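Structure first, commentary second.
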Amino acid sequence: MKGRNRLASLAAALLLVVASLLSMVAPAAAGTLEDVKQRRLLLCGVDPDLEGFATFDAAGSWHGLDADYCRAIAAAVLGDAALVKFVPLTERERFRALQSGSVDVLIRDTAWTMGRDASFGIVFAGVNYYGGIGFMVPRSLGVDSALQLTGANVCVETGSAAEVAVAQYFKMRNMSVIPVSVENGDAARAAYVAGRCNVMTGDTIELYGARLALPKPDDNMVLPEIVSKNAYGPAVMASDWRWAAVVRWVHFALLDAEELGVTSANVDQMRASDNADARELLGVEGSLGKALGLDNAWAANAIRAVGNYGEIFERDLGAGSRLQIPRGLNGLWNNGGIQYAPPVH
């Protein structure tokens, strides 16, 4: 009898624990989506100032790849790309802001790593930019590949990820270069301009921006090689699976739109086309919006507001921008890149 009572007590205690855990998880599953809808405003964490990704002009308007992703999510969820509050965050602030609920989504040129995935309670909803450590050289050096840099003076930031990646790259290829240690990016740029080094290293995101700050930008070029990999994208809280699905599928919708030829200018035309995949993506057929907790025109609203992924890239980073970054890895999977989205079905 006592044994049965003890088992009954243990079972009751276990049920209480399970109920307590479910009560903590269940509200979070739909929490952010409902908060954004009720607030009628998306709180989007961005970089304070990184050309091509998030910058604001004299009128206070934000521009860049990450800023456009914020607008795409707002358009998908709220039907209006203007319903975004951009929250500038430093590197030190960014994860705390997401974890505390100060922002709904973090889209701040933040690299996806195992440590962040496993330890921060966050999840990355996709990759909106593939990059990594690269090299910038003066055109007068007469090289077009990092494989031609034997004997070059290479500026590297002491203690940085670039320092390790660059050293390993040349060691594995039995190439000898002369490292020039610098304290930070500003010091690297100064040394490069002064001629103390004829190769500047860093993440390609930074190198393309640094090139624009040089006295004669066109006299310099970023080489095609990437010697380490970084995948940047939007992050949300891992516990909020429904919100993660919304952010993830907004990203995928922008990629699928480019593949299907849906642009900001032809959304309505494609809604009436014979392309069944395009009609489903744009909400004419099916009920995909309902599955996400959104209006069925969620993808059409996002694409109409900011364009497909290719339009966004070219405007903010590519041929239509000052940076002139080639699509490269960020091209679609069927056009020489690795950007790929599951079909929207």
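We did not get these values from a lab; they are worked out from the coordinates using the rules stated. On a predicted model such as this, the values are computed, not experimentally measured, just so you know. As a convention, Cβ positions derive from the backbone with ideal geometry for all residues, glycine included, and neighbour counts pool all protein chains shown.
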Highest-MSF residue in the chain out of Leu282, Leu212, Leu254 [GNM, Cα springs under 10 Å]:
Leu212
So the FRET efficiency between Thr158 and Ser228, C-beta based with R0 = 22 Å and rounded to 0.05, is 0.85
Using a Gaussian network for the chain with springs between C-alpha atoms less than 10 Å apart, which of these wobbles most: Val306, Val177, Val103?
Val177
Over 21 Å apart: what share of the alpha carbon pairs of the range 139-296 falls there, rounded to a whole percent?
61 percent
What percent does the relative contact order of the chain come to when contacts are Cα pairs within less than 8 Å and at least six residues apart?
21 percent
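Which order, highest average first, do 203-209, 86-92 follow once you tally other Cβ atoms within 10 Å for each residue and take the mean per peptide?
203-209, 86-92
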Simple SL model, points at 7 angstrom along Cα→Cβ for Ala118 and Met172; separation in nm is 2.1 nm
The range 35-181: equivalent-ellipsoid semi-axes (sqrt of 5 x gyration tensor eigenvalues, Cα, Å)
38, 18, 13
The size of the Cβ-based charge dipole (Lys, Arg +1; Asp, Glu -1) of the chain about the Cα centre, to the nearest 20 debye, is 1220 debye
If one builds a Gaussian network model of the chain from Cα atoms under 10 Å apart, the most fluctuating residue listed among Ala187, Ala238, Ala58 is Ala58
Val199's amide H: which non-local residues (gap 5+, or another chain) put their own amide H closer than 5 Å, with H modeled 1.01 Å from N in plane and none for Pro or chain starts?
Asn153, Cys155
So what's the projected area for the range 283-345, the Cα convex hull averaged over all directions, in nm²?
5.1 nm²
Amide H within-cut-off set for Gly233, under 5 Å, with H built and near neighbours excluded:
Thr110, Trp112, Asn128
Could you give me the ³J(HN,Hα) list for the range 300-316, computed from phi with Karplus coefficients 6.51, -1.76, 1.60 and θ = phi - 60°, whole Hz, x at Gly and Pro?
4, 5, 5, 5, 4, 6, 10, x, 7, 4, x, 4, 4, 4, 5, 5, 9
Return the tail of the calculated pair distribution for the chain, meaning the percent of Cα-Cα pairs more than 37 Å apart.
29 percent
Cα-based Rg of the range 133-228 normalised by 2.2 N^0.38 Å, two decimals
0.94
³J(HN,Hα) computed for each position of the range 125-133 - Karplus, 6.51 cos²θ - 1.76 cosθ + 1.60, integer Hz, glycine/proline x
8, x, 10, 9, 7, 9, x, x, 6
Rounded to two decimals, the Rg over Rh value of the range 160-212 from Cα coordinates and the Kirkwood Rh reads 0.96
Of the beta bridges DSSP finds with both residues in the range 133-228, what % are antiparallel, to the nearest 5?
50 percent
Using only alpha carbon pairs under 8 Å that are at least six residues apart, calculate the relative contact order of the range 133-228 and give it in whole percent.
49 percent
A correct Karplus calculation of ³J(HN,Hα) over the range 325-332, with 6.51 cos²θ - 1.76 cosθ + 1.60, θ = phi - 60°, whole Hz and x for Gly and Pro, returns 7, x, 4, x, 4, 8, x, 5
Considering the convex hull of the alpha carbon atoms of the range 188-246, report its projected area averaged over all viewing directions, in nm², one decimal.
6.2 nm²
